[in-house]
Amino acid sequence: MDLTDGIEVLATAVATADAVVPVGARTHWEVGNPPGAALEIRAPAGIAAYEPDDLTVTVGAGTSFADLDAALAESGQECPLDPRDRTATVGGVVASGLSGIRRLRHGPLRDQVLEVRYVDGDGRLVKGGGPTVKNVTGYDLPRLFVGSLGTLGVLVQLTLRCRPRPEATRWLRSDTPVDRYRAAAALSDGTRTWIRLEGTAADVDAQSDGLTEADAPALPEGAHRGRISIAPGRLPALGADLDRVAGVRWLAEVGVGTVHVAGDHASMLDEARRAAHGHGGWLLREAGGNGIDGFGRPMPNDELMRRVKGAFDPAGKFSPGRLPL
Amino acid sequence: MSEGNAVAVCWPRSAADVAAAVRIARRHGRPFVARGSGTGLAGGATPLDDALVIVTTQMNRILDVDPQARVAWVEPGVLNLDLSRAVAHLGLHYAPDPSSQQACTIGGNVATNAGGPHCLASGVTSAHVLAVDVVLADGTDSCLGGLGPDEPGYDLRGCFVGSEGTMGIATRVAVRLTPNPPAVATMLCAFDSIDAAAAAVTGTIAGGVLPAALEMMDARITAAVEDFVGAGYPRDAEAVLLVEVDGLAGGVAAQVDAVREIANGHGAVSVRVAADDAERALLWKGRKSAFGAIARIAPDYYLHDAVVPRTRLVEVLRGVYDIADAHRLVTMNVFHAGDGNLHPLIVFDRREPGVWDRVYAAGNEILTMCIAAGGVLTGEHGVGVEKRDLMPLLFSADDLDAQARLRDAFDPDGAANPLKVLPRGSRCGELQRVPEGAWI
């Protein structure tokens with residue numbers, strides 16, 4: 001099955017509209033800056049091709065992560081995208097660029113996408129990357145689309161890398177900092193650390209030594225949410241500053257440098273952002289934070305980024321306003 | 001197999017020198033080409049159009065190593081293996097390990113998005129580059145990417161890695177260092193047919209085993225290697241698999257058992273686990289000496305780099321031998337089987353009249369077959385000039401137009417490594433030319 005068959009209706013709509021915004025499940029709708037008024041376009045959903053023996057899967061960008069995960073689970077595999085909300089579409093997760101909390105072991109989202117197919121502003125179906133697990137043929141369009149927030153085209157189909165589900169998994173807690181070889185995740189709130197182990201049962205048992213079995217820690221909840229990106233070595237200093245911001249809840253990905261923050265007032269995001277800036281990091285607004293800029297800082301290399309945007313979207317029709325370019 | 005013409009060659013010692021060289025080239029209306037050690041296999045660093053060649057080998061300092069963050073800042077001329085050696089005492093290494101790692105530079109690795117045997121589990125260069133300081137085609141500096149996990153906006157770092165010098169020149173690279181695994185096992189599985197060895201590769205991946213490395217060598221290669229370095233490969237096997245698994249002790253033991261069972265299930269003649277580090281090192285020395293060993297067999301070889309789905313390895317590999325036979329050529333195969341990355345070598349003597357036409361025709365047939373099987377043109381060597389005109393086999397005119405526009409965004413005047421990667425006619429409205437001997 002090729003989900004790009006019958007894409008003409010979508011392509012014509014994109015080509016004739018002045019402004020277009022790709023829409024998935026709206027679970028990441030508030031990431032970055034809100035787009036201006038635009039024609040909403042939905043990508044096709046469904047598993048186009050799944051080769052368990054090759055550890056690759058091709059899906060419509062409109063496929064929910066839950067559906068993808070269920071299909072892969074039947075063959076004992078997974079794509080560790082781990083969106084916060086499982087109803088999120090694969091296209092939405094990729095476009096938002098938000099890596100899951102098992103990034104420490106499984107790598108960033110940008111390393112999971114092998115091929116993209118998208119509709120450009122003229123309604124042309126364009127392919128970037130390739131279907132194999134290793135490929136350097138031509139420029140790396142898949143990585144460019146990860147985190148592009150719908151500003152370069154409408155993703156319609158993606159090929160992703162899969163992996164075998166681990167034989168055993170376990171969350172553990174410690175009141176002192178811990179390090180375990182190839183831990184899937186290490187999360188800290190400044191006093192406690194949670195480690196997720198994955199592997200054979202024997203290895204997980206051996207690595208659990210000295211730690212307390214625990215439930216998976218919940219990511220901070222609140223009407224106003226964001227994520228800080230910072231060099232991992234600066235996390236302890238940043239954590240100390242975040243603790244001084246009244247009402248902010250946070251959980252850091254140790255070794256990665258992502259800090260999930262939430263609060264009940266929009267101003268808390270602003271204060272958390274100031275703390276991040278103080279340590280050379282930045283905060284991406286994920287939800288709420290009305291009136292607060294999505295990025296809080298100019299785009300790095302903004303001149304070059306504007307040229308890249310212009311190369312893919314010369315008419316400036318895709319998700320206008322999402323990125324401050 | 002391609003030769004170029006340079007207007008001049010320079011050896012900058014700093015990023016400022018690189019920027020000055022670029023500006024001088026531009027002022028004189030010349031393109032420029034970055035070059036590392038010149039180990040590239042696709043002609044990516046071959047100067048065309050009388051370019052200024054900017055060689056980065058003098059910029060070879062490891063600037064900073066942060067063992068806690070597991071990050072090193074290096075200059076582009078640092079040799080790949082020198083970096084791993086320099087951090088070995090910290091229990092760390094730099095994971096991408098091209099066969100040329102004793103000679104190739106990190107800058108060249110970034111340009112080609114280089115791979116290597118151990119990229120099966122750990123990913124190719126792009127997965128290990130956090131940030132790159134670059135001199136763009138207009139002579140200005142930028143830092144692409146960063147030490148934090150994400151940067152706002154587009155992943156320009158991801159665009160730059162693998163752009164083969166067409167988007168600028170790397171002057172400083174932040175790479176991720178990888179902790180050495182607590183346990184490693186290296187196995188040599190011998191088979192009495194190439195089909196059986198290839199089927200065992202497919203069976204390994206399908207069986208949910210993802211080794212750290214999974215390499216295949218046919219009998220012609222192992223014979224050459226044995227004569228050359230004496231790696232201890234069996235001389236009576238038609239093909240061998242070199243399999244390495246690493247990680248925690250339990251996982252390593254489980255993977256050794258799984259690989260052994262799968263290999264035996266596919267009729268392995270023998271399965272041997274290296275007893276110690278010395279035996280491990282020798283097995284790897286054989287693999288990494290393969291290309292040097294071939295020089296003992298024929299004066300010239302032509303090497304391809306296609307990737308196919310792992311489920312198609314048996315038929316594609318059979319096709320490689322059949323195509324070579326049909327053209328009265330000898331092919332030898334040593335390749336990254338675990339990720340489906342074929343390296344069919346066609347050995348020949350260029351003094352033989354007409355042989356080059358046959359080598360070229362056979363190569364094109366092999367690539368066509370790989371793409372028909374759902375594959376791609378290159379897995380780790382790059383497009384360069386060698387595979388440039390074959391790009392339309394994989395990409396439509398619209399696909400190539402998008403790539404050409406991306407390149408223009410970085411380098412509107414086409415001064416950085418011109419005539420590489422994209423065929424003439426990639427931009428919409430340019431004349432489309434089908435490469436000679438190709439079919440669409």
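The values are calculated or read from the model by the stated rules, or taken from the named source; none is laboratory data. Keep in mind that what you see is a predicted model, and the values were worked out from it rather than measured. Cβ placement follows ideal geometry from the backbone for every residue including glycine, while neighbour counts extend to all protein chains displayed.
What to note about this one:
- Answer residue from region B:196-228, given it is among the charged types (D, E, K, R) and not in a helix (DSSP H, G or I) and is farthest from B:G250 (Cα to Cα) among those: B:D218
- Residue within region B:1-8 that is crowded, with 22+ Cβ neighbours inside 10 Å and not aromatic (F, W, Y) present: no
- The helices (runs of 4 or more DSSP H) found entirely in region B:229-297 that carry 3 or more residues being within 14 Å of chain A (Cβ to nearest Cβ) are B:249-265.
- Per-region count, region B:361-379, residues away from chain A (no Cβ under 12 Å), crowded, with 21+ Cβ neighbours inside 10 Å and either part of a strand (DSSP E or B) or touching a Phe, Trp or Tyr at 6+ places or on another chain (Cβ under 8 Å) (or both): 1
- The condition (being in a loop (DSSP other than H, G, I, E, B), at pLDDT 95 or above and not assigned by TED's automatic domain parsing to the domain that holds A:A185) is satisfied by just one residue among A:A45, A:A95: A:A45.
- Extreme residue, nearest to B:G38 (Cα to Cα), among residues of region B:128-158 that are at the interface with chain A (Cβ under 10 Å from one of its Cβ atoms) and acidic (D, E): B:D155
- Residue among A:D54, A:D82, A:D69, A:D122 that is on the phi > 0 side of the Ramachandran plot and in contact (Cβ under 8 Å) with a residue 12 or more places away in the chain: A:D82
- The residue that is farthest from B:I54 (Cα to Cα), counting only those in region B:68-89 that are within 14 Å of chain A (Cβ to nearest Cβ) and touching a residue at least 60 places away in the same chain (Cβ under 8 Å), is B:A69.
- Taken over region B:389-399, the criterion of being at the interface with chain A (Cβ under 10 Å from one of its Cβ atoms) and either within 16 Å of B:G162 (Cα to Cα) or in contact (Cβ under 8 Å) with a residue 40 or more places away in the chain (or both) is satisfied by B:L390, B:M391, B:L393.
Quick grid of which residues meet (1) in contact with a helix residue (DSSP H, G or I) (Cβ under 7 Å, 6 or more places away or on another chain); (2) outside the structural domain of B:V173 (by TED's automatic domain parsing):
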site	(1), (2)
B:G44	yes, yes
B:P67	yes, no
B:V87	no, no
B:A121	no, no
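- Some residue of region A:232-253 being surrounded by 20 or more Cβ atoms within 10 Å (Cβ to Cβ), within 13 Å of chain B (Cβ to nearest Cβ), hydrophobic (A, V, I, L, M, F, W, C) and touching a residue at least 60 places away in the same chain (Cβ under 8 Å): yes
- Filter pass, B:E386 being among the charged types (D, E, K, R), touching a residue at least 40 places away in the same chain (Cβ under 8 Å) and either surrounded by fewer than 21 Cβ atoms within 10 Å (Cβ to Cβ) or within 14 Å of chain A (Cβ to nearest Cβ) (or both): yes
- Residue in region B:159-195 that is farthest from the other protein chains (Cβ to nearest Cβ), counting only those that are surrounded by fewer than 19 Cβ atoms within 10 Å (Cβ to Cβ) and among the aliphatic types (A, V, I, L, M): B:V184
- Residues (among the hydroxyl-bearing types (S, T, Y) and assigned to a strand (DSSP E or B)) located in region B:177-195: B:T178, B:T186
- Selected residue (criterion: nearest to the chain's Cα centre (by Cα)) from residues of region B:395-414 that are surrounded by 22 or more Cβ atoms within 10 Å (Cβ to Cβ) and hydrophobic (A, V, I, L, M, F, W, C): B:F395
- Any hit, region B:128-145, residues being within 15 Å of the chain's Cα centre (by Cα) and touching a residue at least 40 places away in the same chain (Cβ under 8 Å): yes
- Residues within region B:98-125 that are within 11 Å of chain A (Cβ to nearest Cβ) and either surrounded by fewer than 22 Cβ atoms within 10 Å (Cβ to Cβ) or among the basic types (K, R) (or both), tallied: 3
- Failed item, numbered, when A:D82 is tested on (1) away from chain B (no Cβ under 12 Å); (2) buried (at least 22 other Cβ atoms within 10 Å of the Cβ); (3) more than 19 Å from A:P22 (Cα to Cα): (2)
- The residue list A:A37, A:A66 contains one member that is in contact with a Lys or Arg (Cβ under 8 Å, 6 or more places away or on another chain) and of a type outside the set (S, T, Y), which is A:A66.
Yes or no, residue by residue, for (1) within 14 Å of chain B (Cβ to nearest Cβ); (2) more than 22 Å from A:E286 (Cα to Cα); (3) surrounded by fewer than 24 Cβ atoms within 10 Å (Cβ to Cβ):
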| site | (1), (2), (3) |
| --- | --- |
| A:L39 | no, yes, yes |
| A:A61 | no, no, no |
| A:A95 | yes, no, no |
| A:S99 | yes, no, no |
| A:L109 | yes, no, no |
| A:G121 | yes, yes, yes |
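- One residue alone among B:G437, B:G338, B:G382 is assigned to a loop (DSSP other than H, G, I, E, B) and either of a type in the set (V, I, T) or at pLDDT 95 or above (or both), and that residue is B:G382.
- Number of the condition not met by A:I228 [criteria: (1) over 30 Å from B:D246 (Cα atoms); (2) in contact (Cβ under 8 Å) with a residue 60 or more places away in the chain; (3) of a type in the set (V, I, T); (4) within 13 Å of another protein chain (Cβ to nearest Cβ)]: (2)
- Filter result for the condition that a residue is touching a residue at least 60 places away in the same chain (Cβ under 8 Å) and at negative phi, over A:T176, A:T169, A:T151: A:T151
- Entirely in region A:137-241, the strands (runs of 3 or more DSSP E) that have 2 or more residues that are more than 30 Å from B:T112 (Cα to Cα) and outside the structural domain of A:T58 (by TED's automatic domain parsing): A:168-174, A:185-188, A:193-199, A:224-229
- Hey, A:A185 under 21 Å from the mean Cα position of the chain (by Cα) and closer than 16 Å to A:E213 by Cβ or not: yes
- Tally of residues being within 10 Å of chain B (Cβ to nearest Cβ), crowded, with 23+ Cβ neighbours inside 10 Å and small (G, A, S) across region A:254-287: 3
- Selection within region B:10-48 - aliphatic (A, V, I, L, M) and touching a Pro at 6+ places or on another chain (Cβ under 6 Å): B:V18, B:A21, B:V33
- Here is the figure for region B:53-64: residues that are surrounded by fewer than 18 Cβ atoms within 10 Å (Cβ to Cβ) and either at pLDDT below 95 or in a strand (DSSP E or B) (or both) total 3.
- Region A:197-215: number of residues that are closer than 24 Å to B:V184 by Cβ and surrounded by fewer than 21 Cβ atoms within 10 Å (Cβ to Cβ): 7
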